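The values are calculated or read from the model by the stated rules, or taken from the named source; none is laboratory data. Because the structure is predicted, anything quoted here is derived from the model rather than measured. With ideal geometry, Cβ positions are generated from the backbone for all residues, glycine too; neighbour counts draw on all protein chains shown.
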Amino acid sequence: MQLKNKKVLTFDCYGTLIDWEKGIIDALQPILMANGVKISDDEILIHFGRTEHVIQSESPEMLYSQVLEEVVYKFGEKYGFNPTKSQAESFGISIKNWKPFPDTVAGLQKLARFFKIIIVSNIDNTSIAATVPHLGIDFYKIFTAQEMGAYKPDEKVFSFVFEKLSNEGIQKNDILHVAESVFHDHVPAKKLNLDSVWIHRKSDKKTAGATPNVDKAYIPDFQFNTLLDFAVWVEQNMIG
């Protein structure tokens, strides 16, 4: 891969730019505790990851805020309680409270000097609108699951992006995809021969957290533990 040949960085948002696991735990633990359920943060994330993917696969037309509501009901089924409608809805709208990782804004600002920055996210339009002001840059484009009618890792997501960008003269070889989730992002990227960079946010953790595990063979060639590490490497290679 020749970095200087790239024109566009496409980004996963939640998990890469936004600390979604903290957001998930902060919003779900109070609901579980209110219903007498005491489980670890790790258990919450593991069950969330399994449940979220099933819901998205079965109902790709469902808004992400509604996916989160359904996740609460699935937790109720598994742990033996009946969540209220308001509890489910509170989780659905909690996205507005999810914040960036400490290095996100600085990393994005550095990268925006060299590339057009695009978000490609498993999210709905209302929720992303609440998130973008936290990210500190103007994005060239934002593609949401609501617009695309599919959720990653469905390859339809990236096919949609390729088609839209090709109308502006941007080809697949011009794009570098940046993401944390191997399952949601790097597996389909590899299948589609899309260059990608792994921001390994969970390099110090033993579990996959809120994303399902996949074969290690899908790990990309380029790997950084933080977005800022990647941005500094880009600066060195683009300027040097």
Tally up the residues in region 210-240 that are surrounded by 13 or more Cβ atoms within 10 Å (Cβ to Cβ), modelled with pLDDT under 75 and more than 16 Å from LYS152 (Cβ to Cβ), please. 1
How many of the residues making up region 159-187 are more than 16 Å from the chain's Cα centre (by Cα) and aromatic (Phe, Trp, Tyr)? 2
Looking across region 9-30 at residues that are out of contact with any Phe, Trp or Tyr (no Cβ under 6 Å at 6 or more places or on another chain), touching a residue at least 40 places away in the same chain (Cβ under 8 Å) and surrounded by fewer than 21 Cβ atoms within 10 Å (Cβ to Cβ), the single one that is nearest to GLY92 (Cα to Cα) is ASP26
Report yes if LYS38 is among the charged types (D, E, K, R) and assigned to a helix (DSSP H, G or I), otherwise no. no
Can you confirm whether region 108-128 contains a residue that is of a type outside the set (S, T, N, Q), without any contact (Cβ under 8 Å) to a residue 24 or more places away in the chain and within 22 Å of LEU63 (Cβ to Cβ)? no
